[in-house]
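Undergrad: Quick one: structure below, then a few questions.
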Amino acid sequence: MSSLATPLPYRIGNEKLCRITQAAADKLISLLTRQGRPGGALRVAIIGGGCSGLQYKMDLVDGPVPRDIMVESQSVRIVIDPKSALFVSGSELDYSDDLQKGGFKVTNPNAVAHCSCGESFSA
């Protein structure tokens, strides 16, 4: 009898696709725990909109859905749909609790222009 493993409905990626800093990981772990989803994940998506044409959308979710790419970085699972992966490849997510410019910030090597608010970009 052969025991073939059932393939995962999602793909496993690595930190070359997207990685997070320790500060972002600490904040995400805290948020996931507070929401009662310690095994949850951060969904990163790119949607149309914003002053520069594209913007980031981030949500806390239970885990990957079929076709997603899942990356583990700093013990946090990040899930990205294949289309968004084209735009975020090589990105880093950081977190700062600075009063003026705090929050999550994405450093994206694919962005050729940013708006002044820092929440949208063009690629």
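The values are calculated or read from the model by the stated rules, or taken from the named source; none is laboratory data. These figures come from a predicted structure and were not determined experimentally. With ideal geometry, Cβ positions are generated from the backbone for all residues, glycine too; neighbour counts draw on all protein chains shown.
Undergrad: Take residue 41 and decide whether it is in contact with a Gly (Cβ under 6 Å, 6 or more places away or on another chain) and modelled with pLDDT of 95 or more.
TA: So residue 41 passes the test.
Undergrad: Go through the residues of the range 74-90 one by one and say whether even a single one is part of a loop (DSSP other than H, G, I, E, B), among the basic types (Lys, Arg) and in contact with a Gly (Cβ under 9 Å, 6 or more places away or on another chain).
TA: No: zero hits.
Undergrad: Going by what's in this entry, would residue 49 be described as small (Gly, Ala, Ser), out of contact with any Phe, Trp or Tyr (no Cβ under 8 Å at 6 or more places or on another chain) and farther than 20 Å from residue 105 by Cα?
TA: no
Undergrad: Could you look through the range 15-44, keep only residues that are charged (D, E, K, R) and over 13 Å from residue 93 (Cβ atoms), and pick out the one that is nearest to the chain's Cα centre (by Cα)?
TA: Filtering first and then ranking leaves 16.
Undergrad: Let me ask something additional. Among the candidates 38, 9, 64, single out the residue that is touching a Pro at 6+ places or on another chain (Cβ under 7 Å) and assigned to a loop (DSSP other than H, G, I, E, B). Show your work before the answer.
TA: Working: 38 fails: touching a Pro at 6+ places or on another chain (Cβ under 7 Å); 64 fails: touching a Pro at 6+ places or on another chain (Cβ under 7 Å).
Among 38, 9, 64, only 9 is touching a Pro at 6+ places or on another chain (Cβ under 7 Å) and assigned to a loop (DSSP other than H, G, I, E, B).
Undergrad: Restricting attention to the range 14-38, report how many residues are out of contact with any Asp or Glu (no Cβ under 9 Å at 6 or more places or on another chain) and either of a type outside the set (Val, Ile, Thr) or modelled with pLDDT under 95 (or both).
TA: Number of matching residues: 13.
Undergrad: Here is a follow-up. Select from the range 90-107 the residues that are modelled with pLDDT of 90 or more and of a type in the set (A, V, I, L, M) and list them in ascending order.
TA: The one that is modelled with pLDDT of 90 or more and of a type in the set (A, V, I, L, M): 93.
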